[in-house]
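Data block below; observations after.
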Amino acid sequence: MNEEFERWAGRAPAEVWSAPGRVNLIGEHTDYNGGFVLPFAIDRSTTVAVAPRSDGRLRCRSLQVADDTGWTKYVDGVVQALAAEAGIHVDGADVLVESDLPTGAGLSSSAALEVATVAALGAMAGTALDGAQLAAVAFRAETEFVGVPVGVMDQTVVARALPGHVLFLDTRSLGIEQVPFDPAAEGVNVVVIDSGVRHRVGDGRYAERRRECEAAAAAIGVEQLRDATLKQVEATPMDDTLRRRARHVVTEDSRVLQTVEQLRREAVAGIGAILLASHASLRDDFEVSCDALDRVVETAMEKGALGARMTGGGFGGSALALVPDGSLPNVLDAFGDAAFEVRPVGGVRRIDAMG
C-alpha cells in the first residue's frame, strides 16, 4: 500500500489505517428501531492511506473501484463530519483506498471505508479518536452528509470489535458487551455466501422500511418498536404491511437475546434454528430478501448447514451459514468462489510504515 501511494502521490503516506467489514450474526433492521444487534468484524478489510495537501483539494483514488461510481462521497462526508462532530478540519488530502471487501454484498464496505478514513485523517491531523468517537463521526458522515438513513451498528462494530468476539450492542443506550465467539472450538464454521445480487442502501427501499417502522410505532403508541410487545403488535389496528414490519422487529430483538444466551453457554451449534427463523421473518414479514438469497439459504441447508440467513440490509447481498466441519466441503463446493469462511477479528487498526 505504501509503494502504491508513493507512485500515485509522489510521496509517502502520513497515515495508513485498515478497517474490517462485518457480518451481522443476527439482529437485522433492529438498529434504527432502538433494538439489539449482534455483529462481528471479519477478516476482510479496507485500507486507507493519506497524506496532507496544502492546496485545499481532496484527491481520492481506489485501487479496485472506478472514481465515477460515487464512492468518493463517503470520503467527502467523513471530512465534513470530522469538522462538525469532532472539530477536526482537513484542509486537503490525498486519499488512496485498497479493499478486498465486495461492494453491495451486505458486508458493510461503506462503514469500513468511513471508519478507516476517519481514523487516518484524524491521526494525520494529530488527533487520536477512540472507538466510540470513530463510530460517531463515521455514522454522522453516512447519515447526515451522504444521506443514507442507516443505524449505528455497522460503524460501531467496525470501530470497536475485539478478536474472537461478537459485539452485543444496545442501539438505544449504545451499551456494548463483547461476547466470546469461537465457533471453531465447537467444530463449526461461519460461511458467507455472496448471492451475486447487488443492492444499494441508498436506493430508497431501506428508507421506506424505516418509515414503515416509524409508522407502526406511532400506531402502537411507542417511541420505537424496541418498546413494543408482540401482543401489542397483533392487537393494534394498523395496515397489515405495518403489522408485519413491526412483528419482524419485535421478534428479531427476541432472537438476538436468545442467541446471546446460547453464546454465553458456549453453544454456537444451538443457534442454527434461530438463524433460520430470522431469515423467514426477513423474507415474509419484512420483505427484504430476494429469490437469490432464499436459494442460497435453502441450498446451504440441503448441503448440511445448521442454520442460515440473509445478512445485511437485504434486497441482495450475502447470506451467512453456520456449517459443521463435516459439511464444510459440501457447502463450499456448492457455491464455488461465491462462498468463503470468515472469522471474528478486531476493529480498525493503524498500519505502520512497514505495512
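The values are calculated or read from the model by the stated rules, or taken from the named source; none is laboratory data. It should be emphasised that the depicted structure is a prediction, and the values quoted were computed from it without experimental measurement. Glycine gets a Cβ as well: all are built from the backbone with ideal geometry, and neighbour counts include every protein chain shown.
Matching residues to (1) in contact with a Phe, Trp or Tyr (Cβ under 9 Å, 6 or more places away or on another chain); (2) more than 19 Å from V260 (Cβ to Cβ); (3) not assigned by TED's automatic domain parsing to the domain that holds D43:
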{"site": "G131", "(1), (2), (3)": "no, yes, no"}
{"site": "F139", "(1), (2), (3)": "no, yes, no"}
{"site": "E144", "(1), (2), (3)": "no, yes, no"}
{"site": "Q155", "(1), (2), (3)": "yes, yes, no"}
{"site": "A159", "(1), (2), (3)": "no, yes, no"}
{"site": "H165", "(1), (2), (3)": "yes, no, no"}
{"site": "T171", "(1), (2), (3)": "yes, no, no"}
{"site": "I176", "(1), (2), (3)": "yes, no, no"}
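Among the residues making up the stretch 36-80, those that are in contact with a helix residue (DSSP H, G or I) (Cβ under 9 Å, 6 or more places away or on another chain), among the β-branched types (V, I, T) and part of a helix (DSSP H, G or I) are V75, V78, V79.
Residue pairs whose Cβ atoms lie under 7 Å apart, separated by 6 or more positions or on different chains, with the first residue in the stretch 269-291 and of a type in the set (D, E, K, R) and the second part of a helix (DSSP H, G or I), are R283/D294; D285/R244; D285/R245; D285/R247; D285/H248.
Could you list, in sequence order, all residues of the stretch 240-278 that are among the acidic types (D, E) and at pLDDT 95 or above? Once the filter is applied, which keeps residues that are among the acidic types (D, E) and at pLDDT 95 or above, the stretch 240-278 yields D240, E252, D253, E261. Selection of the stretch 127-151 for residues being surrounded by fewer than 22 Cβ atoms within 10 Å (Cβ to Cβ) and either touching a Leu at 6+ places or on another chain (Cβ under 7 Å) or under 15 Å from G346 (Cα atoms) (or both) yields D130, G131, A132.
Taking the stretch 190-211 as the search range and keeping residues that are part of a helix (DSSP H, G or I) and buried (at least 19 other Cβ atoms within 10 Å of the Cβ), which one is modelled with the highest pLDDT?
So the residue we want is R209.
Annotation note: of R309, R265, R349, R245, the sole residue that is more than 23 Å from R22 (Cβ to Cβ), outside the structural domain of A111 (by TED's automatic domain parsing) and touching a residue at least 12 places away in the same chain (Cβ under 8 Å) is R245. Based on what the data block shows, is V297 within 30 Å of D43 (Cα to Cα) and crowded, with 22+ Cβ neighbours inside 10 Å? For V297, the condition - within 30 Å of D43 (Cα to Cα) and crowded, with 22+ Cβ neighbours inside 10 Å - is met. Of the residues making up the stretch 232-254, those that are of a type in the set (K, R) and surrounded by 23 or more Cβ atoms within 10 Å (Cβ to Cβ) number 1. Condition (residue is outside the structural domain of S281 (by TED's automatic domain parsing), more than 19 Å from P13 (Cα to Cα) and either among the basic types (K, R) or more than 12 Å from the chain's Cα centre (by Cα) (or both)) applied to the stretch 40-48: is it met by at least one residue? Yes, the stretch 40-48 contains a residue that is outside the structural domain of S281 (by TED's automatic domain parsing), more than 19 Å from P13 (Cα to Cα) and either among the basic types (K, R) or more than 12 Å from the chain's Cα centre (by Cα) (or both). In the same structural domain as F139 (by TED's automatic domain parsing), acidic (D, E) and closer than 19 Å to E144 by Cα, is that true of D76? So D76 fits the description; yes. Across the stretch 16-35, a minimum of one residue is classified as assigned to a loop (DSSP other than H, G, I, E, B), touching a residue at least 60 places away in the same chain (Cβ under 8 Å) and among the acidic types (D, E).
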